[in-house]
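Just so you know, all these numbers are worked out from the coordinates, no wet-lab data involved. Note that this is a predicted model, so its numbers are computed, not measured. Methodologically, a virtual Cβ is constructed for each residue, glycine included, from the backbone with ideal geometry; neighbour enumeration extends over all protein chains shown.
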Amino acid sequence: KAGVTQTPRYLIKTRGQQVTLSCSPISGHRSVSWYQQTPGQGLQFLFEYFSETQRNKGNFPGRFSGRQFSNSRSEMNVSTLELGDSALYLCASSTGGAVTGELFFGEGSRLTVL
Amino acid sequence: GQSLEQPSEVTAVEGAIVQINCTYQTSGFYGLSWYQQHDGGAPTFLSYNALDGLEETGRFSSFLSRSDSYGYLLLQELQMKDSASYFCAVRENDKIIFGKGTRLHILP
């Protein structure tokens, strides 16, 4: 069973640009969550999608957005990039019932903003 | 809002036992999870407690006290490969919120 796949793994952008990150969940998983990880800040929740609907959203500005497709694949977009957006963006999938609280993470997309 | 508190760093000796504590403040609490993350790697699920008590999985155990809003991860017979960051996370309704992580250093 393939794991969670995130693309691209690494990318470099400049301030003001936008970026789109992609996440393919484990087959059969309908929930996809996105997290931003920076040193010392742990994993900060961005948003969660289930069956193409955003169920929850964290405390991030509107520049951060996402969507989920009918095949459960998800994308997140960050517009007007700022230096502080440099981080590891992690995607996690689950069945959606979250009964056990178990999330399956991808390796992440490391974004550097210059 | 939600908050989770865990120590930023813990140091222990190979072969010993270490406990990583986590206190939380949330609404709509459903359960407490623990994740391990090695440098450069993805977080991996270790355990989940929905009810009070101790859950044991091999060398790792996790404890929850809902009345105290407190839990801990216990690692026994420490091995060098256990050097990693450990995150507690709470399930609040349909989302899972993570603490800032505890960096575990293991000395030979």
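Computed quantities for the displayed model
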read-out: Cβ-defined net charge surrounding residue A:85, 12 Å radius [Lys, Arg +1; Asp, Glu -1]; value: +3
read-out: Cα-only radius of gyration and Dmax that characterise the range A:56-106, units Å; value: 13.0, 37
read-out: Normalised per residue, the volume of the convex hull around the Cα set of chain A (Å³); value: 96 Å³
read-out: Percentage relative contact order, chain B, counting C-alpha pairs under 8 Å, at least six apart; value: 37 percent
read-out: Order of B:87, A:64 - criterion: other Cβ atoms within 10 Å of each residue's Cβ, fewest first; value: A:64, B:87
read-out: Cα centroid separation - the range A:49-114 against the range A:1-41, whole Å; value: 6 Å
read-out: Charge dipole (the protein assembly as shown, unit charges on Cβ, about Cα centre) - positive-most of B:21, A:91, B:40; value: A:91
read-out: Sorted by Cβ neighbour density within 10 Å, fewest at the top, the residues B:52, B:82, B:39; value: B:39, B:52, B:82
read-out: Size of electric dipole in chain A: Cβ of Lys, Arg +1 and of Asp, Glu -1, about Cα centre, debye, nearest 20; value: 140 debye
read-out: Local electrostatic count, residue B:25, Cβ distance below 13 Å [Lys/Arg +1, Asp/Glu -1]; value: -2
read-out: Neighbour net charge for residue A:74 - beta-carbon separation under 13 angstrom, K R +1, D E -1; value: +1
read-out: Relative exposure of B:95, A:13, judged by other C-beta atoms within 10 Å (fewest first); value: A:13, B:95
read-out: Cα pair distances of chain B binned at 10 Å [whole percent]; value: 16, 50, 29, 5, 0
